[in-house]
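Take a look at the structure set out below.
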Amino acid sequence: MDIFDPSIFPILTADGLTNGAVYALLSLALVLVFAVTRVIFVPQGEFVMFGALTLAALQQGKVPGTLNFVLALLLIATVLNVVRALRAGDRRAAGLSVLWAVLGGGALWGITHALAGAGTPLWVQVLLTLLLVVPQGPLLYRVVFEPLRNATVLVLLIASVALHLALTGLGLAFFGAEGSRTPAFAQGNAQIAGVTLSLQSLLVIGVSALLMLGLALFFGRTLAGKALRATAVNRLGARLVGIRPEAAGSLAFTLAALIGALSGLLIGPSIAIGYDSGFLIGLKGFIGAIIGGLVSFPAAAVGALLVGLIESYASFSLSQWKEVIVFTLILPVLLWRSLSSRHHDEEEE
Amino acid sequence: MKRLLLTAVLACTATALADVRVGVIVSGTGPAASLGIPERNTVALLPQTIAGQKVVYTILDDASDTTAAVTAARKLVQENKVDLIIGTTTTPASLAMIDVAAESKTPMISLAASESIIKPVDARRSWVFKTPQTDALMAAAIAAHMASTGIKTVGYIGFNDAYGEGWLAELQKAAATRGLKIVATERYARTDTSVTGQVLKVVAARPDAVLIGASGVPAVLPQKALKDRGYAGKIYQTHGVANADFLRVGGKDVEGAILPAGPVLVADQLPATNPNRKVGLSYVNLYEGKYGQGSVSTFGAHLWDAGLILQKAVPQALKKAKPGTPEFRSALRDAIEGTRNVIGAHGIFNYSSSDHLGLDARSRVMVQVVNGTWKLLK
């Protein structure tokens, strides 16, 4: 049977675009984090896993293990902040950071325990999931990467890999060995140009497109977005005009965690996510990011869509070679990049 | 973790006495964790004394990794001086542990599926036994069920790893003997976010039935995709999905799936005359009493069966030698090989010098997912 059969090709394309949209979101997060902090963020996929599994735990009426994780991270970050403030002799800042941590942590604990019971509407659980997963981004940055902000890209990568392994282990401890599936946000099918598509996959494509549009507006129109872009272009120059690199890094990680958690919520209904599912999903986003050279947002998004499409076509024609085809894609891209782009030192500051 | 520490402490304090020492290696973390965790949980249910002799269990985690399993086996043999190794969960790691068992002349009961662990019984494998049914045994049951319900053509979609390839090989053998034709073979990865491409191709080949060669909750994905594409034929799964998580995640999507499984999965539906019913029920009650309603899976029962075999073999070995000596280990091996008619949760074990699996057709039943539970097919 031919892949270009009119009854086959549109289905494969729609399927590839659905997955590609999620990969594109992840590749944008990877590019963003790398451009601002020079961290190749290996654990991006773990946010996907945490997002999907936290919602699944809430669905089962349980208090997800991610709550304790956020609180523990908050505690470590507060200790770090207090130590830094006291060293600088700023008692008021130390006191404030403890106050914020107690208020924020207490509120999160209270809200989660109040809403974790069965019977809460789905959209409340979705918001609660975001509330539990998104703060992990800036907190992990504060605890793991901010103390390393002057380290080389290699050291940052090593820390990133270590964090990925730690988060995978935590996923196993929090959610168990077997995966979970979350309920679909949209049931049923739609007919578009003679092809039957599930509403869920249309939702995935739609939300991804909206999110990308939102990011584009954020970077183009808001002060915070412009500050992030400035940091990405030239860290030293950004600092000279008053942009704190810590604040920029923290914001980049917040966005990365938000994008990861949303991606998890989007693909959660179509497949069972397990504690170890995050890495391969993140890796496919990474290939997209590499196609964009880790600097270009549009190229990364297009690259990730390409990964989704190639994956879909390859799974039809040569399913046993699918992973080989998808991951070999990176070789010609790297070759072309190394030949076409001018070399520049990684430590130019 | 606490239990691991406790076991370690117990092992240290008990070294002065000549207790029977059993080393257990399971995959408590890593890809095989969903199998390894119920196995580890089952150790706590095993008897603390056999024939008046105290039994000390030391549990190690191999993280589903072959190298870690071999290291753990050497540690058990050299530092803990165990008389028997039970484990490990996965086939590749169990194969690698055979050398440790043979070198140190320590009997070993593997909890992994593949026939290559115990066949052929050569000088090295003479120390190695196993309790789970082989893929060959289960594939034969599937092929027999297909043939008896008038199925002529079969499609296959399975994992692109050792599990899926092993099942494909066994299906091809079993199908050849039953005159079934395999019309499509497709692979997917357990972390794939979609199998639409593969399923389109399987459906296009119009098979009477499809076998999904996958384990755990990732096995839900192809069955859901087949239904989404309007496939109306029979869908078979392997015994790798026989746990509660598969039903929980699969929900309506896995309704109607047919699979072979150990009798313990449907112990309460077995006729009263079935010898496995009583053993299976007592294991289920023990396990659920400790870990909660619905927590039991068939994987832990493989370790339970190893424990039953041990309880039969230790008294005989004690007559010949003292625990902790090479003579005891040798006597224990002979006693295990002499196992006759030990009724386990998964079947009836009859080991011999040429058969270290010891199971026959009584070790499997065909079940179907009906209304979200396992139903025994008559």
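The numbers here are math on the coordinates, done by the rules we state, and not lab data. What you are looking at is a predicted structure, and each value in this text was computed from that prediction instead of being measured. With ideal geometry, Cβ positions are generated from the backbone for all residues, glycine too; neighbour counts draw on all protein chains shown.
Out of every Cα pair in the protein assembly as shown, what percent are spaced more than 46 Å from each other?
27
Can you work out ³J(HN,Hα) from phi for every residue in segment B:20-30, in order, using Karplus 6.51 cos²θ - 1.76 cosθ + 1.60 and θ = phi - 60°, giving whole Hz and x for Gly and Pro?
For segment B:20-30, the Karplus curve yields 7, 10, 10, x, 10, 10, 9, 8, x, 9, x Hz.
Against the empirical 2.2 N^0.38 Å scaling, what ratio does the C-alpha Rg of chain B come to? Please report the intermediate quantities before stating the final value.
Numbers: Rg = 20.7 Å, N = 378, 2.2 N^0.38 = 21.0 Å.
Expressed relative to 2.2 N^0.38 Å, the Cα Rg reads 0.99.
What does the extension gain come out to for A:S317 and A:S7, with contour length at 0.36 nm per residue minus their alpha carbon separation?
110.1 nm
Let a ≥ b ≥ c be the square roots of the eigenvalues of the Cα gyration tensor of chain A; is it rounded (a/c under 1.5), or, if not, prolate (a/b larger than b/c) or oblate?
Oblate, because a/c is 1.5 or more while a/b does not exceed b/c.
Once fully extended, how much extra length lies between B:E327 and B:K105, figured as 0.36 nm per residue of separation less the alpha-carbon to alpha-carbon distance?
The B:E327-B:K105 span can extend by a further 78.9 nm.
Find the percent of Cα-Cα distances in segment B:146-239 that exceed 17 Å, and round it to a whole number. Don't jump to the answer; show the numbers that get you there.
Details: 1873 of 4371 pairs.
Every Cα pair in segment B:146-239 considered, those over 17 Å come to 43 percent.
Just to confirm the number: angle between the C-alpha axis of helix B:33-43 and the first principal axis of chain B, 0 to 90 degrees, nearest 10?
Tilt of helix B:33-43: around 40 degrees.
Largest first and to the nearest Å, give the Cα extent of segment B:55-132 along each principal axis.
The principal-axis extents, from largest down, are 30, 24, 22 Å.
When Rg is the radius of gyration of the Cα atoms in segment B:218-265 and Rh is its Kirkwood radius, what does Rg/Rh come to?
Answer for segment B:218-265: 0.96.
Kindly state, to the nearest 0.05, the FRET efficiency for A:T328 paired with B:Q53, given R0 = 45 Å and r defined as their beta-carbon distance.
On the way: r = 58 Å, r/R0 = 1.30.
E between A:T328 and B:Q53, to the nearest 0.05, is 0.15.
Excluding same-chain residues fewer than 8 positions from A:K284, which aspartates and glutamates have a Cα within less than 14 Å of its Cα?
Straight-distance partners of A:K284: A:E46, A:E311, A:E323, B:D192.
May I ask for the distance between the Cα centers of segment B:33-107 and segment B:182-245, given as a whole number of Å?
For segment B:33-107 versus segment B:182-245, the Cα centre distance is 34 Å.
How would you order B:80-93, B:351-364 from highest to lowest mean count of nearby Cβ atoms within 10 Å?
The most tightly packed comes first, giving B:80-93, B:351-364.
If one computes the Cα centroid of segment A:81-114 and of segment B:283-354, what distance in Å separates the two points?
56
Once the principal axes of the Cα atoms of segment A:183-244 are found, what is the range along each, listed largest first in whole angstroms?
Principal axes ranked by extent give 56, 26, 16 Å for the Cα atoms.
To the nearest 0.05, what FRET efficiency results for B:A232 and A:V233 with a Förster distance of 51 Å applied to their C-beta separation?
About 0.30, to the nearest 0.05.
At a temperature of 37 °C and a viscosity of 0.692 mPa s, determine how fast segment A:1-97 diffuses translationally according to Stokes-Einstein, using the Kirkwood radius over alpha-carbon pairs as Rh; express D in µm²/s, rounded to the nearest whole number. Write out the running numbers ahead of the final one.
Values: Rh = 17.8 Å.
Diffusion coefficient, whole number: 184 µm²/s.
I'd like the orientation of helix B:275-291 relative to chain B: the angle between its Cα long axis and the longest Cα principal axis, in ° from 0 to 90, rounded to 10.
80
Too long at a 18 Å Cα-Cα cut-off: which of B:K81/B:K322; B:K81/B:K105; B:K152/B:K378; B:K181/B:K234; B:K54/B:K130?
Details: B:K81/B:K322 13 Å; B:K81/B:K105 11 Å; B:K152/B:K378 21 Å; B:K181/B:K234 15 Å; B:K54/B:K130 24 Å.
The pairs that break the limit, which is 18 Å between Cα atoms, are B:K152/B:K378; B:K54/B:K130.
Using only C-alpha atoms and all pairs of different ones, pull out the Kirkwood radius for segment B:219-304 in Å with one decimal.
Computed over Cα pairs of segment B:219-304, the Kirkwood hydrodynamic radius comes out at 14.2 Å.
Give the cross-link partners of B:K173 among the aspartates and glutamates, using a straight C-alpha distance below 13 Å as the criterion and excluding same-chain residues fewer than 8 apart.
Output for B:K173: B:D135, B:E165.
Please sort through the DSSP H helices of chain A and keep those with an alpha-carbon extent of at least 24 Å along the long axis and a Kyte-Doolittle average not below -0.5. Don't skip to the answer; put the middle values down first.
Working: long enough: A:9-37 (40 Å, 1.69); A:66-87 (31 Å, 1.76); A:91-115 (36 Å, 0.94); A:153-175 (32 Å, 2.38); A:199-221 (32 Å, 1.90); A:245-267 (33 Å, 1.60); A:297-317 (30 Å, 1.40).
Within chain A the helices that satisfy the rule are A:9-37, A:66-87, A:91-115, A:153-175, A:199-221, A:245-267, A:297-317.
Give the Rg/Rh ratio for segment A:210-295, taking Rg as the radius of gyration of the Cα atoms and Rh as the Kirkwood radius, to two decimals.
Working: Rg = 15.4 Å, Rh = 14.8 Å.
Radius of gyration relative to Kirkwood radius: 1.04.
Computed from the mean reciprocal separation of all distinct C-alpha pairs, what Kirkwood hydrodynamic radius does segment B:307-378 have, in Å?
14.1
Which loop-located trypsin sites (Lys or Arg not before Pro) does segment A:33-133 contain, where loop means any DSSP state but H, G, I, E or B and the Cβ has at most 16 other Cβ atoms within 10 Å?
Working: sites: A:R38, A:K62, A:R84, A:R87, A:R91, A:R92; in loops: A:R38, A:K62.
For trypsin sites (Lys or Arg not before Pro) across segment A:33-133 that sit outside H, G, I, E and B with at most 16 neighbouring Cβ atoms in 10 Å, the list reads A:K62.
What is the mean number of Cβ atoms from other protein chains located within 10 Å of the Cβ atom of each residue in peptide A:4-11, rounded to a whole number?
Average neighbour count from other chains, rounded to a whole number: 2.
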